[in-house]
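Peer 1: Right, I'll just put the structure down here and ask away after.
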Amino acid sequence: QVQLVESGGGLVQPGGSLRLSCASSGIIFSSYIMGWYRQAPGKLRELVAIITSSGTTNYADSVKGRFTITRDNARNTVDLQMNSLEPEDTAVYYCNANLIFRNHWGQGTQVTVSS
């Protein structure tokens, strides 16, 4: 059974930082493209960042220079370091694991940026 479990969300003031973590089980983690997506109220789910099995990264323009995605293939985890957070970053953040036709999601973790 595939499980992706996110942690690290919460309430933070504008300009602050949070680190999200996703722990996976039930997949050959090192083979998967791992990603973070987010969905704000009333909006579609959007890509935040992805990292390939070899460590190549790609970011949404809105988070470039502020967010960093990393993975640890030994621990089967993928993290998202979020700095200089803005109210527009408020959303539920989801961990994703993708390998061709296999696509798995976590349950999501809420990030709220507000003063």
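Peer 1: Ignoring ligands, DNA and RNA, what accessible area per residue does the chain give at 1.4 Å, in Å²?
Peer 2: Using a 1.4 Å probe on heavy atoms only, each residue of the chain averages 53 Å².
Peer 1: Counting Lys +1, Arg +1, Asp -1, Glu -1, what net charge surrounds Asp79 among other residues with beta carbon under 11 Å of its beta carbon?
Peer 2: Cβ neighbours under 11 Å give a net charge of +1.
Peer 1: Could you work out how far the C-alpha centroid of the stretch 73-110 sits from that of the stretch 1-72, in angstrom?
Peer 2: 3 Å
Peer 1: Can you give the Kirkwood hydrodynamic radius for the stretch 59-115, in Å, rounded to one decimal and based on Cα pairs?
Peer 2: Final number for the Kirkwood radius of the stretch 59-115 is 13.0 Å.
Peer 1: Cα atoms only: what Rg and Dmax, in Å, come out for the chain?
Peer 2: 13.3, 41
Peer 1: Treating only the Cβ of Lys, Arg, Asp and Glu as charged (+1, +1, -1, -1), what charge dipole size does the chain show about its Cα centre? Round to the nearest 20 debye.
Peer 2: 200 debye
Peer 1: Here is a further query. Kindly sort Tyr59, Tyr93 by accessible area of their heavy atoms, largest first, with the probe set to 1.4 Å.
Peer 2: Of Tyr59, Tyr93, the descending order of accessible area is Tyr59, Tyr93.
Peer 1: Just add up the charged neighbours of Trp105: K/R +1, D/E -1, any other residue whose Cβ is under 13 Å from the Cβ of Trp105.
Peer 2: +2
The values are calculated or read from the model by the stated rules, or taken from the named source; none is laboratory data. These figures come from a predicted structure and were not determined experimentally. Virtual Cβ from ideal backbone geometry, glycine too; neighbours counted across all protein chains shown. Accessible surface areas use protein heavy atoms only, side chains included; no ligands, DNA or RNA. Shrake-Rupley method; radii C 1.70, N 1.55, O 1.52, S 1.80 Å.
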